1. Evaluate the charge dipole of the chain about its Cα centre and quote only its size in Debye, nearest 20, assuming +1 on the Cβ of each Lys and Arg and -1 on the Cβ of each Asp and Glu.
2. If you place +1 on the Cβ of every Lys and Arg, -1 on the Cβ of every Asp and Glu, and leave all else neutral, what size is the dipole of the range 55-113 about its Cα centre, to the nearest 20 Debye?
3. Would you mind computing Rg(Cα) / (2.2 N^0.38 Å) for the chain, counting N as its residues?
4. First compute the accessible area of the chain with a 1.4 Å probe, then give the percent of it belonging to carbon and sulfur atoms.
5. What share of the DSSP beta bridges in the chain is antiparallel, in percent to the nearest 5?
6. For the pair SER44 and ASN100, how long in nm is the line joining their label points, each one 7 Å along Cα→Cβ?
7. Might you tell me the accessible area per residue for the chain, computed with a 1.4 Å probe and given in Å²?
8. For the pair ASP60 and ARG26, how long in nm is the line joining their label points, each one 7 Å along Cα→Cβ?
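The values are calculated or read from the model by the stated rules, or taken from the named source; none is laboratory data. Computed from a predicted model, the values in this text were never measured in an experiment. Every residue, glycine as well, gets a Cβ built from its backbone with ideal geometry; the counts of neighbours run over all protein chains shown. In case anyone asks, the SASA skips ligands and DNA or RNA and just uses the protein heavy atoms, side chains included. Shrake-Rupley method; radii C 1.70, N 1.55, O 1.52, S 1.80 Å.
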Amino acid sequence: QVQFAESGGGAAPPGGSLKLSCVTSRSIVNFRTMGWYRQAPGKSRELVASISSGRVTYVDSVKGRFTISRDNARNTVSLQMNGLKPEDTAVYYCNVVDYNLTWGQGTQVTVSS
């Protein structure tokens with residue numbers, strides 16, 4: 001089993017930036033696709049960004065603003081978030097996209113003025 005430890009969330013004003021990090025308890029090199037998800041109050045969890053060998057994908061609402069990266073040597077997946085909007089407010093989680101494992105605690109992102 002793999003444990004996910006997300007961090008880097010917090011409060012930011014509209015237009016601000018945050019960088020989220022996810023450190024896993026064991027190597028992610030064998031997981032083809034890693035992703036960042038988010039869940040806003042009253043909404044279902046959605047996949048925001050994913051990364052596999054040579055390919056990244058983003059949900060339309062974050063394209064051009066968010067950048068996902070992974071460092072297999074450090075068992076880390078990151079999400080750089082720029083141009084934050086109030087609708088980005090949510091708890092953010094990382095997980096394996098191919099088959100979700102047990103979810104971590106997530107990290108809260110709140111965007112407001």
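1. Values: 12 positive and 7 negative charges, 33 e Å.
Charge dipole, the chain, about its Cα centre: 160 debye, nearest 20.
2. Around 160 debye, computed over the range 55-113.
3. Values: Rg = 13.1 Å, N = 113, 2.2 N^0.38 = 13.3 Å.
Taking N as the residue count of the chain, the ratio is 0.99.
4. On the way: 2810 of 5900 Å².
Solvent-exposed carbon and sulfur of the chain make up 48 percent of the total.
5. On the way: 34 of 37 bridges.
Rounded to the nearest five, the antiparallel share is 90 percent.
6. 0.9 nm
7. Values: 5900 Å² over 113 residues.
Accessible area per residue: 52 Å².
8. The answer from the label model is 4.0 nm.
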